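The values are calculated or read from the model by the stated rules, or taken from the named source; none is laboratory data. Values in this document were obtained by computation on a predicted structure and should not be read as measured data. When we count neighbours, we look across all protein chains shown, and the Cβ atoms used for this are built from the backbone with ideal geometry, even at glycine.
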Amino acid sequence: MMRNAWLLGSGCLWAAMMYLLFDAEIRPYFEYQRPPSYRTMLRDRTQPEVQRRSVIFSRDRIGEAETLIVPLAGGGYSMATRMTMRMRPFGAPPGLDDRVSMTNEVRVDQGFQLSGFTMTGRMIGMPLSITGQRRKDRLNVEYSFLTVKDKADFEFPMDATLSDDFLPFQGGAKLSEGKKWKMKMLDAENMISLNTSKKLALTELYVNVIEKEKIQAMGREIQAWKIEVRKDLTKEVPAYTAWVDEAGIVVRQVKMINKIPVEILLEERRTLTSREAESYVWTVK
């Protein structure tokens, strides 16, 4: 009888310990499973669309960004973003060109899957180039920065979306409080840092929908979902915080640069005709 009670007690203690271990160390990662896809992001967009954003630091406009989304005649989509901002407030050396400029074009095929991308730009006067093609569940990438030229091959699920460091969550998902997912971000931080191995990384981000809030956007008050994006679940402060309206559009984002918050605000969103998209003149040069 005593032996059975001891075995039962030991079993209950072991089960409790395993539950606590699972709840603290494993469950958080399993909760981040079902990410938005290009299908959820693009399926309702039948017309070309342009979005313009400003980059604000301490009430000063230090940059701007522009995104053009175009449905292609043969199926699929092209999503291109141009951005430029000044880095002097974040410690860029005086006397140098402190601008960061980037053009990023993502191509999505008829099945709403990433087919390839091209990213070119200048980081404080230094040229950067990254190109990639999806091959089934792999992403083949070639990149160059200064004297570094290299290739990389990443695991990339068929329905995954690819984001960048400027605007990691590009919207499109139907959100609800407590919704969580993981997504892939092309992370050039290691490559451009002076203290690392100059290798390009594909970083996994963890997204959590916190709550719905009233915020000011585009000159009016709107209801928007607040989401937090982390590179590391153990960090208390998220790398990015964004506010997303009911249409799935990111209307505001706070991005941390050298632990300094920077706002990225949506200023304009409008549709174009096919003819207007073909002859579109970018405002971000």
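Observations on the model:
- Only one of ARG39, ARG86 that is under 30 Å from LEU233 (Cα atoms), of a type in the set (Lys, Arg), free of Cβ contacts under 8 Å to residues at least 40 places away in the same chain and surrounded by fewer than 19 Cβ atoms within 10 Å (Cβ to Cβ): ARG86
- Qualifying residue in segment 105-119 (condition: touching a residue at least 12 places away in the same chain (Cβ under 8 Å), within 30 Å of ALA224 (Cβ to Cβ), of a type in the set (D, E, K, R) and touching a strand residue (DSSP E or B) at 6+ places or on another chain (Cβ under 9 Å)): yes
- Only listed residue being surrounded by 16 or more Cβ atoms within 10 Å (Cβ to Cβ), part of a strand (DSSP E or B), among the small types (Gly, Ala, Ser) and touching a Gly at 6+ places or on another chain (Cβ under 9 Å), chosen from GLY63, GLY116: GLY116
- ASP245 under 19 Å from the mean Cα position of the chain (by Cα), among the charged types (D, E, K, R) and surrounded by 17 or more Cβ atoms within 10 Å (Cβ to Cβ): yes
- From the options ALA247, ALA217, ALA201, residue that is in contact with a helix residue (DSSP H, G or I) (Cβ under 6 Å, 6 or more places away or on another chain) and modelled with pLDDT under 90: ALA201
- Residue, surrounded by the most Cβ atoms within 10 Å (Cβ to Cβ), within segment 135-169, restricted to residues that are touching a Pro at 6+ places or on another chain (Cβ under 9 Å) and not hydroxyl-bearing (Ser, Thr, Tyr): PHE169
- Of the strands (runs of 3 or more DSSP E) lying entirely inside segment 203-285, those carrying at least 1 residues that are farther than 19 Å from ILE62 by Cα and free of Cβ contacts under 8 Å to residues at least 40 places away in the same chain are 220-230, 240-244.
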